[in-house]
Every structure is written in structure tokens, then in C-alpha cells.
1. Report, by residue number, each residue of segment 367-406 that is in a loop (DSSP other than H, G, I, E, B), out of contact with any strand residue (DSSP E or B) (no Cβ under 7 Å at 6 or more places or on another chain), surrounded by fewer than 22 Cβ atoms within 10 Å (Cβ to Cβ) and in contact (Cβ under 8 Å) with a residue 60 or more places away in the chain.
2. Select from segment 641-687 the residues that are farther than 30 Å from K439 by Cα, open to solvent by less than 70 Å² (accessible area, probe 1.4 Å), among the aliphatic types (A, V, I, L, M) and assigned to a helix (DSSP H, G or I) and list them in ascending order.
3. Sort out which residues of segment 276-306 are open to solvent by less than 10 Å² (accessible area, probe 1.4 Å) and of a type in the set (K, R), and write them in order of number.
4. Looking at A99, A136, A66, A121, can you tell me which residue is touching a residue at least 40 places away in the same chain (Cβ under 8 Å) and buried (at least 16 other Cβ atoms within 10 Å of the Cβ)?
5. Note down all Cβ pairs under 7 Å where the first residue falls in segment 469-484 and is closer than 23 Å to G183 by Cα, the second is part of a loop (DSSP other than H, G, I, E, B), and they're at least six residues apart or on different chains.
6. In segment 753-772, how many residues are more than 11 Å from the chain's Cα centre (by Cα), assigned to a helix (DSSP H, G or I) and buried (at least 17 other Cβ atoms within 10 Å of the Cβ)?
7. Collect the residues in segment 410-434 that are aromatic (F, W, Y) and either free of Cβ contacts under 8 Å to residues at least 60 places away in the same chain or outside any loop (DSSP other than H, G, I, E, B) (or both), keeping them in residue-number order.
8. Could you list all residues from segment 236-275 that are open to solvent by 30 Å² or more (accessible area, probe 1.4 Å) and closer than 23 Å to G26 by Cα?
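The values are calculated or read from the model by the stated rules, or taken from the named source; none is laboratory data. Here the structure is a predicted model, which means the values were calculated and not measured. Glycine gets a Cβ as well: all are built from the backbone with ideal geometry, and neighbour counts include every protein chain shown. All accessible areas refer to the heavy atoms of the entire protein, side chains included, with ligands and DNA or RNA removed. Shrake-Rupley method; radii C 1.70, N 1.55, O 1.52, S 1.80 Å.
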Amino acid sequence: MSKKTAVLKESVELNDDVEQVESVAGEMVALAGQITQACKRVPPLWPLKNFVAVNPFMGLADQRFATACSTMRRVAHADILSPLSFYRQHLESLRIIDADLQTAIDESRELLIASLGEPVAHTFTIAYLKDAVRSAAPEARDRLPEDAMLSVSEVFDSVRDTHWSRFIVEECSKWCGAYYDQGQSAWRMPWRSLPPYAGWKQAAVLDHSPEIMGLPGFRGKIAELPAEPLQTIETVLNRLEVPANKVEEFLHHELMTLSGWSAYVQYLAREKGLYGTEDDSLVQLLAIRLAYDYALYALHPDPQFRDAWQTKVVARSNKSMGARDNAVTLDLMTRYVLQQAFERGFQRDLVNRLAVSNQLTIPGRKDEPRKAVQAAFCIDVRSEIYRRNLEVVSPEIETIGFAGFFAFFIEYIQIGHQHGSAQCPVLFTPKFRVRETVKNASAAEVDDILSMRIRRKLVDKAWRSFKTSAVSCFPFVETTGLLYGAKLITDTFGITRTVVKPSVDGLDQAVAKRTAPKIEFEKRSLGMGADPTETGIVTKAQVDAAATALGAMALTSNFARLVALCGHGSTTVNNPYASGLDCGACGGHTGEANVRVGAAIFNHPDIRAGLAERGIVIPDDTWFIGVLHDTCTDDLRIYDEDLIPASHHKDVEQLRIWLEKASHATRKERSDTLGISTKTPGIMDEQVRERSRDWAQVRPEWALANNAAFIAAPRERTKNLNLGGRSFLHNYHSEADPEKAVLELIMIAPMVVANWINMQYYASTVNNERFGSGNKV
């Protein structure tokens, strides 16, 4: 029991000091708030199966960017600004000009004064910045500030030249890997049914590893800790004498030493929170991390270490609040202003190009001839390249930019599954559940397909277990190893290694081609012996969703004969980050389900009748199709062709011709960035496709790299520009949105997702070891 808890207990029992009770209670409430705030600083991290980019600094959204840079430097020991040599390169190339520098200085003046003091702030001139980049001294950037937060193990390592910090991180990671296992392990840990901290505490008192590594008495110290994580955190903070004004920062630092697992646990808690369930797992992980520091501190009372702890953390925190490490702060603010100038340079160029383009633009007319095809693409920057090339192919094509889930908030449930993937931005929860079915299949055939899929998955699981278990893996290699030689060769040349998507896994190819979403509302079992579940979308909700989607796209009149909803996904092999190449607006999945659901809804006579009552009249000769753009190969697949009426077969064939021409042009444009030098038609196309089948290819495509702008405007504003695949393009017509409801939706969903993507790529670029994947090879 901690001192504060003991005081509170005694005061309550004796009732002799109400003021003391209130004081201690207030301190405990304040501590709980600091713990909560420290946990909020940690961003969520999505798992590989539905990986999406996320702003790694979203927990610092209450701070200005410069302040967040300082915080990350102090707390996470991470620099999030480029080195001076980067800005020197762009000054020399005139990517940054004097006007950009002056604008950045003027806009940062108030912040410079607050950070450096008025005399130093006024020394920030164009000449000073240019002189700073010429010197490009790396010392200040590479060292930690004097007030950098440290853990007990980090201080101990600095004094004794040990590696306890690494050991503790490995132990916590080992525990998290076993506790949050998703079925990969053959043997499950016995404490998974307990909360994380309780399970760890039971395991820790049995674990001899820390004692073997040189920490005798570890198990006893852990046994002394309270059973509740909040009480453990309080106990450790009291024992370490962490100043109250540094508690939040200290706890934030402890979580950042486990940044990957902290972020994943934050994701799990966030997912539960979206469905109204509270989860304190991150607090429990924090208690586990602190427990190691507590044991190390308690079991090493030597004066040199204790003095170092007092000097580097306790005393410094008490007396240096608000003090600045002038060299580090000056370096940080110099690079911050240069970064602002760098961004102003891009914005200046983009605004000037938009202004010139607008002078060439002929405003859209009400009586504009009807297009042959309207193709709605995701706002993804990769779509910008394809849309531009498709529009060049034929003036009869109009492209539209909209978030790739097309406003259909669905959970898509594959055959044989009880739950499905959320096909919407991770900011939201699905509104509807749509199950997968097999076209023109009887109930008996569906049961047979379901049974076959389950059996194949069980056999596959058993086979994988046999190949990877501790005992059978050795005779497996000995007896069948040589037989895999031929397959290794054919896989290497992309002959046999193919992508098996989750929606196809366990199904015959003929059956897989017949799968489709079931839109109609119904209540039925989703598996053998499972309870009935409601799936599908009622008619009114379909009309509502359709009206919202068309209104947001400003596609409420003058429909083309063929309207293509073009989602996107990526085809790669041997790529653990494959889902990161898919659609972020679809929750890290491909847009297949959304475009097929959307096309089915828009084509339904009852839905069209409902839309007509709301003033949106879709002509009888307009047909919607679902299309998927493979961003790795730039091939496009048209779905549900068997449903296309004969009257539109020629339209579809003409579209195929246009798509092939646009695909070739897009591959040609992208080939330079992929290191493909040949431009010979056919050969170049195949080389691009080969990258998707190459299991040694670590970067089959560049995904959303170089994204730099988000433009919400009529397509006419950007149609004459080559934006180089750097801009998210969202259609928006202000005259059709008098209440600004559509603009609000764009700003709270697609624009936030784009910001997350932009900041994820930015962080990965400026500090790849900390915020990126490091060397993927």
C-alpha cells in the first residue's frame, strides 16, 4: 500500500482529519487525470491485416507543431524535423526562395519570441537562415536536450554501462506478443483470460529471466506490488519521487519506450470505445512497464545510481521547468522555420498553377452534352494519375473524386464467417452488415460450399501446424525439403506464386467468381449451427445512403449512360504490409465490396423511385457498374458483368478500350519511379505487372508517397493540371451545398484521413527508424 493510500485509509477510519482526506483524494484524482492524459498522447496502430496510416502525433493535437517537435524530442527522444542539409539542398535548387523564408519568419515571429526570447528571435532573418544551412552542424540535432525525460533503466544504463533498457523492452514485448496472440502460436499462454496486468503479475513471480540476467530478488519485488494497476503506478511514482509537475511527461516517456505495443493496445482500446466499451489495457501496460523500473530501482540502492537518478530526473525536473536548452531549442526553431518555408514554397507553386488553370477553364454549363461515362474514383493520390490519363483518352469521359467507400458504411461478411471487415474510414463504425452470397445457388449448394470452405481451412490449418510445430518441422524438412526446390524456382519467376485473397481462400475459382454481396435485408444464420443474424439494408436506408453519396459527389443530374464506381486495392505477394496499399477509406481493405454494393443499390428500381421522390432522377438508360483499380498493376476489373443489360454491352466494351489505353499511359508514367527504363509497349506493361508477383520485391508500388495536398473543388479547377500523383482530389460544388453539410462531412472524414496519411508518411521520411519500417530489406 502506498503512503497516500495508507493516509487516506487511516483518515477515513478515524475521521479525524477531513482536510487531509480531501487533499489526498484530490491528489489521487489529479494522478488519475495525468495517467489518462499520458495514455491519450499515444496514437493507435492498426494491425497488419487492416493496416491504415495514422498520424503518429495525433496525441499531441493540442500543441502547435513546433511545440510537438520539442515534446517528441524531450519525451520520445525522436527528432521530427529534417536535417539542415535537406533545406540547403532545396535552397540551392530554388525550391525555397527568399519570399518563402520571409513569410515563414513573419508567421513564426510570435512563436520564436516565446521559445527563444525577443533578442534572439529578432536575429531570425533570411541571411541568418541561409548561413545556418551552410554550416549544417549536426551536433544540436543529434543530441538530446538537457531536460530530456529518462526512465530508471536508461539512467542505470548510463551509469553502469548495462543494457537493462533493451532487456525490459524485450520482456514487455515478449509478454505482449504472447498475451495479444491472434492464433499464430501453437501453445497459448495460460493467463489470457486475466486482465493484462493481473496476468503479467502472476507470470512474473514465476519468471526467473530477470534474476538470471542479474536482478536477484525481482520476483519478490513484483509480488510486493499492489494488485491494481492504478495503485501500482501510484506506488512506483512515489518510490521514484517523480515530481508532480513531471508525472504526465514521465508516464508518456515510459509508454514511448514501448511505442509499438503501446500504440497497438491503444488501437484495441479505441476499437472497443467506438462500440461504447471502456478498456484500460494501456494503463495496465503502463503499470507493467513501471514495475520493471521499480524493481531495478529498489534492488540497486548504490549511491552513484541513486545520485544520477536524482540529478538527471528528480532535481532537474524540479528546478528546470520552463528552462531551455538554448543550443537544442535554437536548432529546432531554425529547422522549424525552414520547414515552414519549404511547405510555403510548395503551396505557392500549387496556388499559382491553380490560378493559371482556372483562367483556362470554361465554367461548367447546365446544357453541357451528356457524357458517355462518368467514373467516380477514390480521392487517393494514385487515382489522380489514372483519372488524368483516362480523361485524356476521350472527352466523353468525366471523372469524379470521392472517398473510396462511397458513403456506404458497411461491415462485409464473407461466406462462412460470423463477422466481417469494416468497409469505412476507421473514424466511424459500420451502420449495416452485408453478407456475401453465391449467385444463383440453391440453399443446398450454399451449405455444400460453406462445408467445403470450412473443411479446407481446417486441413490447411492442420498442415501449417504440422510444418511449423516444434517436433514435426524437422522431419517435414528432411522428407519434403528437396521437393520444394521446383516450387521455389517457379515462385521466384512469378509462375506459381499468386495472391490468395481472404474472400477467395478456401473457395473454388468457379465459385469465387460467383460470389456477390446480398443487399436485401434478412435474418438468417451465417454459419452452420450459428444463431440467426440480421444482415442487409432496408429499402429506406438504401435510399438514404444513395442520396447521401450522390449529393456528396454532386452527381444529382445529367447522368451518363454508364457510371463506374471505381474503388481500389493492390495486388502483391510476400508483403506483410499489403493491406497498407489498399484503401484507407475502406478501413485498410480493397473497395470491392463498396463498389458492388453501391452499384447494386443505384441500379435497383425501388431505390431509383425513392431517389426520384427526393429530386434525384436517374435516367432509365443509366447503368452503374462496380470497378476495382489495382494500383500496383493499373489494371481495372469490372464486376457483375452478367447483370449488365444487353443495351449497355457496347458501352462497356468501349469503356474497356478506354481503360486499357489509360492503364498503359499510367503505367508508363509510373515506370520511371519504379526503376523501369524500357518504354516499349507490352514489355513495360508486363514489367510493371511482374513487380506485383515478385516475392523479393519490397516496394511493388509507392502507395501514397509524396502526397502533399488535399483539394476539394469542382474537377474543372484541376483538370488542366498534372499534379504528379501528389494531391487528394475530392469533388465539391459549393453552390450545391448551401448549408455546408457536405463540406463538413469532407472535413471530418476524408480530410482527416488524408491528414493521417500525410503525417504518417512525413514522420516515416524524417525519422524512418522511429516512425517508419526501417530497412525493409
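1. Initial filter on segment 367-406 (in a loop (DSSP other than H, G, I, E, B)): 367-372, 378-380, 394-396, 402-406.
From what's left, out of contact with any strand residue (DSSP E or B) (no Cβ under 7 Å at 6 or more places or on another chain): 367-370, 394-395, 403.
Restricting the remaining residues to those that are surrounded by fewer than 22 Cβ atoms within 10 Å (Cβ to Cβ) gives 367-370, 394-395.
Those that are in a loop (DSSP other than H, G, I, E, B), out of contact with any strand residue (DSSP E or B) (no Cβ under 7 Å at 6 or more places or on another chain), surrounded by fewer than 22 Cβ atoms within 10 Å (Cβ to Cβ) and in contact (Cβ under 8 Å) with a residue 60 or more places away in the chain: E368, R370, S394.
2. A662, A665, M684 - these are the residues of segment 641-687 that are farther than 30 Å from K439 by Cα, open to solvent by less than 70 Å² (accessible area, probe 1.4 Å), among the aliphatic types (A, V, I, L, M) and assigned to a helix (DSSP H, G or I).
3. Answer for segment 276-306, where residues must be open to solvent by less than 10 Å² (accessible area, probe 1.4 Å) and of a type in the set (K, R): just R289.
4. Details: A99 fails: buried (at least 16 other Cβ atoms within 10 Å of the Cβ); A136 fails: buried (at least 16 other Cβ atoms within 10 Å of the Cβ); A121 fails: touching a residue at least 40 places away in the same chain (Cβ under 8 Å).
On inspection, the qualifying residue turns out to be A66.
5. Partner pairs satisfying both residue conditions: S469/A186.
6. Within segment 753-772, the subset more than 11 Å from the chain's Cα centre (by Cα) is 762-772.
Still in the running and assigned to a helix (DSSP H, G or I): 762-766, 768-771.
Next, from what is left, pick out any that are buried (at least 17 other Cβ atoms within 10 Å of the Cβ): 762-764, 766, 770-771.
So the count comes out to 6.
7. The initial filter retains those residues of segment 410-434 that are aromatic (F, W, Y), namely 412, 428, 432.
Scanning segment 410-434 gives Y412, F432.
8. N238, R239, E241, A244, N245, E248, E249 - these are the residues of segment 236-275 that are open to solvent by 30 Å² or more (accessible area, probe 1.4 Å) and closer than 23 Å to G26 by Cα.
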